[in-house]
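A.B. asks: Sharing a structure below in structure tokens format, with a few things to ask.
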Amino acid sequence: MFRKIFFVCFALLCLQLTMYGQDALTRADMAFAANEYSFAITYYKSVFNKLENDTETKARIAYNIGLCNKRISKPLDAQLWLEKAIELKHQDPAVFLHVADVLRMNEQFDKAIEYYNQYKLLVPRDVLADKGIESCKMAKTWLKDPTEYIVTNLNYLNSEFTDYSPYFVFDGSKNSIYFSSSRTNAMGDKTHGGSGQSFADIFITHEDAKGAWSFPAPITDAINSEHEEGTPSYSTATKSLFFTRCTYHENAASLCNIMESKLVDKTWIKAELLNVSDIKRDTSDYVHPAISKNGLALYFASNRMGGFGGYDIWLCTRLSIKDPWSKPKNAGNVVNTPGDEVFPYLRNDSILYFSSNGHVGMGGLDIFRINRDAKGREYVLNLLPPINSTFDDYGISFRTELKEEGYFTSNRSKGSKGFDDIYHFALPILTYSISGKIINELTDSPIPYANVRLIGSDGSSLELFSDTEGNYAFSLNPQTNYVIIAIHDGFLNSKYKISTYGLQKDKTFDVNLYMTQIDIPVEIPNIMYDVNRWELRPESIVALEKLLDILRDNPHIIIELSSHTDYRVGRISNEELSQLRAQSVVNFLIAKGISPNRLVAKGYGATRPKKIDLKYSELYSFLKLGDVLTPEYIESLPETHRETCHQINRRTEFRVISTEFKN
């Protein structure tokens with residue numbers, strides 16, 4: 001994982017150390033500190049096999065070998081060495097966290113949970129243990145019920161080396177894929193100490209009319225160099241390729257930066273540094289550029305200060321392609337975590353995809369998407385298996401704006417050709433629908449011939465009438481937010497929101513719409529007051545949100561808010577108390593933007609006892625439909641039932657007194 005995230009290139013550092021007569025353990029530690037994991041493993045093993053009685057040092061070496069293997073995505077080897085470190089009683093509690101992580105990658109979820117719990121006992125404030133436990137539980141569920149995506153290894157593009165970060169481009173005449181590879185014809189002849197392979201270059205392949213791809217070739221010397229190049233991203237508006245370059249300097253750690261090369265007269269001009277940093281003497285990495293097609297937004301990953309953890313997703317924008325870029329802005333805590341968020345991709349210039357090991361996921365890096373719910377709030381969606389696996393999955397790119405088809409990278413062990421491979425994914429055409437009944441809320445009976453309207457965020461609008469049994473049904477489009485509205489004379493409008501965003505399987509929404517009769521009082525449940533008080537309690541405000549929706553969905557109605565008490569006398573009269581309570585509800589609604597001309601407060605005290613409706617007769621067996629809870633009736637009941645009747649009488653209701661309000 002380390003190479004893919006960070007591109008750190010200290011390639012000859014460890015080899016040079018041998019020239020200075022360092023002992024093997026010192027060389028190993030320096031290689032480890034320099035993130036040269038392949039070299040470090042070799043040195044550590046040579047020392048480990050010679051140690052006999054120094055258990056503490058052997059435990060530390062086993063731990064570091066385990067970490068090296070974890071960071072280059074060899075979880076089986078990592079598990080072996082980390083468990084050996086535990087056996088040798090390594091003292092760092094993090095050993096339990098790391099072995100749990102690699103056990104999760106190896107799909108040994110129950111055992112991983114045991115180690116997460118051991119780490120939690122030692123470091124109770126670290127949220128990573130809880131997140132790991134949740135991830136194990138979710139991964140077990142997800143693997144049993146994968147999505148409908150079909151995932152295929154692109155054997156004809158992949159090599160026995162690392163191939164990653166595909167980026168699909170249609171330039172108006174042909175389809176192409178730009179991608180990164182450390183295959184043998186890459187320009188760099190030095191060895192990447194993190195992976196043990198050559199430095200990567202950017203390659204390109206073209207698709208012919210029959211759908212066959214050409215043999216991949218290095219893109220151009222204007223972009224590739226003896227250093228490390230990767231993660232290409234293309235803007236059709238500026239005809240520019242943005243990519244990451246990590247340069248090599250002897251005896252010094254190199255930083256990674258974003259580069260840009262423009263296509264002029266079908267020729268790539270020499271790539272130049274794109275400096276988006278606003279920090280003096282910045283030593284941070286700027287990697288994995290994702291440029292919008294219009295060239296006005298640039299996402300990237302960086303470990304610069306001001307983030308939430310390791311590597312975060314950041315964003316720069318500009319007003320036009322001729323304007324300078326803004327200062328980097330963090331993508332926020334919906335996207336970023338204390339872990340690493342990397343490999344951003346912007347679809348349709350609006351939908352952000354990225355990979356993360358900090359969100360709840362399968363294991364290693366998972367691919368996520370930012371979605372919005374029906375109210376416009378952002379949330380993170382895991383793409384689930386088979387796109388995501390317990391290994392590293394990253395670098396997604398789509399073929400078209402509408403079709404769920406594209407490419408991504410994974411180092412999963414099943415079906416791989418080399419190390420990290422490029423995979424194709426496609427989602428078969430899915431069907432979505434909504435159906436249900438229009439129902440009278442009071443009588444629970446169907447309402448025939450109601451006008452039912454379906455309005456979509458994609459501009460679609462459909463309308464029908466419910467049948468004689470109150471049934472309705474619509475087909476739905478993918479990736480769309482919907483509002484469904486039921487309208488009928490004598491009833492208040494009823495509304496419901498649904499969304500097909502993020503759905504990865506066929507789905508039928510079963511939604512019954514309940515309509516309220518205009519000519520009868522409607523009780524508002526859960527309106528709570530303290531004894532002899534009229535101020536609304538916090539839990540009452542939640543209940544009044546539904547009444548707010550009714551008033552907003554029916555802007556032509558005027559309602560009476562009525563409050564009722566039981567017949568027992570308190571500190572103030574029941575009539576005065578009920579009037580104050582009704583007015584408190586009206587005041588709340590006015591504060592929420594409802595016109596006071598649509599609201600009438602009325603306190604009835606105990607003068608209108610409740611008449612038992614169907615709901616209460618089903619809820620309490622001792623109450624019969626049509627019973628009226630008068631003082632005489634209540635006193636005739638056993639004492640154990642009387643308080644229930646008092647509670648029912650203490651209520652807040654509304655009724656429509658006009659349907660002709662005009663603003």
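A.B. asks: For the condition surrounded by 13 or more Cβ atoms within 10 Å (Cβ to Cβ) and not assigned by TED's automatic domain parsing to the domain that holds Asn451, what is the one hit in Arg552, Arg568?
C.D. replies: Arg552 is the lone residue from the list that is surrounded by 13 or more Cβ atoms within 10 Å (Cβ to Cβ) and not assigned by TED's automatic domain parsing to the domain that holds Asn451.
A.B. asks: In region 333-360, how many are at pLDDT 95 or above and small (Gly, Ala, Ser)?
C.D. replies: Within region 333-360, residues that are at pLDDT 95 or above and small (Gly, Ala, Ser) number 2.
A.B. asks: With the requirement that a residue be surrounded by 16 or more Cβ atoms within 10 Å (Cβ to Cβ) and in contact (Cβ under 8 Å) with a residue 60 or more places away in the chain, what does region 443-465 give you?
C.D. replies: Ile447, Ala450, Val452
A.B. asks: Would you list the strands (runs of 3 or more DSSP E) that sit entirely within region 225-338 and hold 1 or more residues that are out of contact with any strand residue (DSSP E or B) (no Cβ under 7 Å at 6 or more places or on another chain), in the same structural domain as Arg399 (by TED's automatic domain parsing) and free of Cβ contacts under 8 Å to residues at least 40 places away in the same chain?
C.D. replies: Per the criteria, 256-264.
A.B. asks: Looking only at region 630-663, count every residue that is β-branched (Val, Ile, Thr) and under 18 Å from Lys611 (Cβ atoms) and tell me the total.
C.D. replies: 5
A.B. asks: Identify the residue in region 625-663 that is polar (S, T, N, Q) and not in a loop (DSSP other than H, G, I, E, B) and, among all such residues, is surrounded by the fewest Cβ atoms within 10 Å (Cβ to Cβ).
C.D. replies: Thr640
A.B. asks: Residue pairs, Cβ under 8 Å, 6 or more apart or interchain, first in region 636-649 and in the same structural domain as Lys615 (by TED's automatic domain parsing), second part of a helix (DSSP H, G or I). List them.
C.D. replies: Pairs that qualify, where the first residue is in the same structural domain as Lys615 (by TED's automatic domain parsing) and the partner is part of a helix (DSSP H, G or I), are Leu637/Cys645; Arg642/Ile634; Arg642/Glu635; Cys645/Tyr633; Cys645/Ile634; His646/Ile634; Ile648/Tyr616.
A.B. asks: Which residue is nearest to Val628 (Cα to Cα), if the candidates are limited to region 579-617 and must be of a type in the set (S, T, N, Q) and touching a strand residue (DSSP E or B) at 6+ places or on another chain (Cβ under 6 Å)?
C.D. replies: Gln579
A.B. asks: Go through region 83-98 and count every residue that is of a type in the set (D, E, K, R), within 35 Å of the chain's Cα centre (by Cα) and in a loop (DSSP other than H, G, I, E, B).
C.D. replies: Qualifying residue count for the region: 1.
A.B. asks: Shifting gears a bit: Go through region 506-549 and report how many residues are basic (Lys, Arg) and modelled with pLDDT of 85 or more.
C.D. replies: Count: 1.
A.B. asks: Considering every residue within region 54-70, establish whether at least one is farther than 27 Å from Gly363 by Cβ, crowded, with 17+ Cβ neighbours inside 10 Å and over 38 Å from the mean Cα position of the chain (by Cα).
C.D. replies: Scanning region 54-70, I find at least one residue that is farther than 27 Å from Gly363 by Cβ, crowded, with 17+ Cβ neighbours inside 10 Å and over 38 Å from the mean Cα position of the chain (by Cα), so the answer is yes.
Conditions tested, residue by residue: (1) closer than 24 Å to Ile520 by Cβ; (2) touching a strand residue (DSSP E or B) at 6+ places or on another chain (Cβ under 6 Å); (3) at pLDDT 95 or above.
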| site | (1), (2), (3) |
| --- | --- |
| Tyr432 | no, yes, yes |
| Lys437 | yes, yes, yes |
| Glu441 | yes, yes, no |
| Asp444 | yes, no, no |
| Pro448 | yes, no, yes |
| Asn451 | yes, yes, yes |
| Asp458 | no, no, no |
| Gly470 | yes, yes, yes |
| Leu476 | no, yes, yes |
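A.B. asks: Go through region 584-613 residue by residue and tally those that are more than 43 Å from the chain's Cα centre (by Cα) and either among the hydrophobic types (A, V, I, L, M, F, W, C) or at pLDDT 90 or above (or both).
C.D. replies: 14
A.B. asks: Inside region 332-351, can you point out the residues that are farther than 23 Å from Gly132 by Cβ and surrounded by fewer than 22 Cβ atoms within 10 Å (Cβ to Cβ)?
C.D. replies: Gly332, Leu346, Arg347, Asn348, Asp349, Ser350, Ile351
A.B. asks: With (1) within 29 Å of the chain's Cα centre (by Cα); (2) closer than 24 Å to Ile422 by Cβ; (3) crowded, with 24+ Cβ neighbours inside 10 Å as the list, and Ala200 as the residue in question, which single condition is left unmet?
C.D. replies: (1)
A.B. asks: So which residues in region 594-627 are of a type in the set (A, V, I, L, M, F, W, C) and within 27 Å of Leu544 (Cβ to Cβ)?
C.D. replies: Within region 594-627, Ile594, Leu599, Val600, Ala601, Ala606, Ile612, Leu614, Leu619, Leu623 meet the criteria.
A.B. asks: On to the next question. Looking at Tyr567, Tyr620, Tyr616, Tyr604, which one is touching a residue at least 60 places away in the same chain (Cβ under 8 Å) and among the aromatic types (Phe, Trp, Tyr)?
C.D. replies: Tyr567
A.B. asks: Here is a follow-up. Within region 276-305, can you find the residues that are under 24 Å from Lys262 (Cβ atoms) and aliphatic (A, V, I, L, M)?
C.D. replies: Hits for region 276-305 are Val276, Val287, Ala290, Ile291, Leu296, Ala297, Leu298, Ala301.
One line per residue, one yes/no per condition, for (1) in the same structural domain as Ala31 (by TED's automatic domain parsing); (2) within 21 Å of Asp29 (Cβ to Cβ); (3) in a loop (DSSP other than H, G, I, E, B):
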| residue | (1), (2), (3) |
| --- | --- |
| Asn53 | yes, yes, yes |
| Asp77 | yes, yes, no |
| Trp81 | yes, yes, no |
| Glu114 | yes, no, no |
| Asn117 | yes, no, no |
| Arg125 | yes, no, yes |
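A.B. asks: Report yes if Ile422 is more than 30 Å from Trp213 (Cα to Cα) and touching a residue at least 24 places away in the same chain (Cβ under 8 Å), otherwise no.
C.D. replies: no
A.B. asks: Check whether at least one residue in region 572-586 is touching a residue at least 12 places away in the same chain (Cβ under 8 Å), over 28 Å from Leu513 (Cα atoms) and part of a loop (DSSP other than H, G, I, E, B), and report yes or no.
C.D. replies: yes
A.B. asks: β-branched (Val, Ile, Thr), assigned to a strand (DSSP E or B), under 26 Å from Ile72 (Cβ atoms) and modelled with pLDDT of 90 or more: is that true of Ile202 in this structure?
C.D. replies: yes
The values are calculated or read from the model by the stated rules, or taken from the named source; none is laboratory data. Note that the structure is a prediction, hence the values are computed from the model and not measured. Glycine gets a Cβ as well: all are built from the backbone with ideal geometry, and neighbour counts include every protein chain shown.
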